[in-house]
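Since every read-out is calculated from the coordinates, none of them should be taken as a lab result. Predicted model only: the values in this text are computed from it and were never measured. Using ideal geometry, Cβ is built from the backbone for each residue, glycine included, and neighbour counts are taken over all protein chains shown.
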Amino acid sequence: MSTAMEFWTCILCLCVAFFFILKLKSKTGNTSKLPPGPKPLPVIGNLLDLGEKPHKSLAAMAKVHGPIMSMKLGRVTAVVVSSSTMAKEVLQTNDQFLCNRAIPDALKAHAHDEVGFPWISVSPLWRNYRKICNNTLFAGKILDANENLRRRKVEELLEIVRKSAAKGEAVDLGRLLFMTTLNLISNTVFSVDLADPNSELARKFKNYVWGILEEAGKPNLSDYFPVLRKLDIQGARRRMKIQMGNVLDLIDSMINQRMKQQELNPDSVPNNDVLHHLLKNEDTDTKLDRNQIEHFLVVIPPQPYPRLDS
């Protein structure tokens, strides 16, 4: 009798499990609410439709499927918006609901996805980051205080152009303008020229950040097939951990140097850059811990970095 009871109990459990699997599959497989889009292939979805120039491929597909369409990138469903009207709906009208980002698997190195400003969801920490940016980067008084810095950097730019003109050399204005912008922002943040070819610190910082951008920009199977994330088949997260670690260590050394300078000679310490405000912030509502400061500073300089030494 007990054997028969166990048998029918197993059958009942299997039926219940099968029922729930079917229900779950019907819910996850329901795409009726998604906008139209190109028909995906099994397993790989629409990855091949992107071609070598995804922006042109997406523009061509938008003419067929409309300004908002859905695609399957591997096992990930993506919704593509390709008109100013729809972009306004996404980025302005419904920004609170659609502001979270898909995080590349490589950027989860050093838990950057949990504290990095561009990647975290709307939360108290995100609001703190935004408040700090508004107070230390974009406030009118900060812009006024940096007027002399901007004038000096523009004069340096003009001096380079004058010297090149005197020698009859061609001037790469795009490169020079980027260098000027980078130095403006890096001076605002660190009081350091990060585009100075004679600075070892600037060279290291540039190379490390370039390494991060290269790894983050490479196609990664883990982003299209989440089941592969733990395996890190292409080693993207492993390499990113090295590059991100280099940048964090460099920022950590800059913070230590600033704190040591503050102890030995307080009068020589810059008192109007972002790093100073982060370290001296006494506002408990926006005060960041050391780890948050380092990850915040990783993403402040302008992106992407061109090869300034090429």
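Taking all pairs of distinct Cα atoms, average 1/r, flip it, and tell me the Kirkwood hydrodynamic radius of the range 213-256 in Å to one decimal place.
11.6 Å
If we count every other residue with Cβ under 11 angstrom of Asp95's Cβ, Lys/Arg +1 and Asp/Glu -1, where does the sum land?
Every neighbour counted, the sum reads 0.
Please order Ser199, Ser222, Ser121 by the number of other Cβ within 10 Å, starting at the fewest.
Ser121, Ser199, Ser222
For Lys72, give me every one of the lysines with a C-alpha distance below 20 angstrom, ignoring sequence neighbours fewer than eight places off in its own chain.
Correct list for Lys72: Lys25, Lys27, Lys33, Lys39, Lys53, Lys56, Lys63, Lys218.
Given q = 0.11, 0.14, 0.15, 0.24 Å⁻¹, what are the Debye log10 I(q)/I(0) values for the range 127-220, with equal point scatterers placed on the Cα positions and solvent ignored?
-0.45, -0.69, -0.78, -1.22
Output the Cα-based Rg and Dmax of the range 136-187 in Å, rounding Rg to one decimal and Dmax to a whole number.
Considering the range 136-187 through its Cα atoms, Rg and Dmax are 13.1, 41 Å.
Any lysines with Cα under 28 Å of the Lys131 Cα? List them, leaving off those in the same chain fewer than 8 positions away.
Of all the lysines, those that pass the test against Lys131 - Cα under 28 Å, at least 8 places apart if same chain - are Lys88, Lys108, Lys141, Lys153, Lys206, Lys260, Lys280, Lys287.
Could you quote the convex hull projected area for the range 225-295, Cα atoms only and averaged over all directions, in nm²?
Value for the range 225-295: 6.9 nm².
Local charge sum around Gln243 (other residues, Cβ-Cβ under 9 Å, Lys/Arg +1, Asp/Glu -1)?
0
Please report the base-10 log of the normalised intensity I(q)/I(0) for the range 156-282, using a Debye sum with one equal scatterer per alpha carbon and no solvent, at each q in 0.18, 0.20 (1/Å).
With no solvent term, the Cα-only Debye profile gives -1.03, -1.12.
What base-10 log of the normalised intensity I(q)/I(0) is obtained for the range 37-138 from the Debye formula, alpha carbons as equal point scatterers, at q = 0.11, 0.17, 0.23 Å⁻¹?
-0.48, -0.97, -1.20
Report, to two decimal places, the Cα Rg of the range 68-127 normalised by 2.2 N^0.38 Å (N = number of residues).
In units of the 2.2 N^0.38 Å rule of thumb, it is 1.31.
In what order do Cys99, Cys133 fall by count of nearby beta-carbon atoms within 10 Å, going from fewest to most?
In increasing order of surrounding Cβ atoms, one gets Cys99, Cys133.
Sum up the charges of everything whose Cβ sits under 12 Å from the Cβ of Ala111, counting Lys and Arg as +1 and Asp and Glu as -1, but leave Ala111 out.
After counting each charged neighbour, the total is 0.
Do any GluC sites (Glu not before Pro) in the range 84-171 lie in a DSSP loop with no more than 13 other beta carbon atoms within 10 Å, and if so, which?
Glu169
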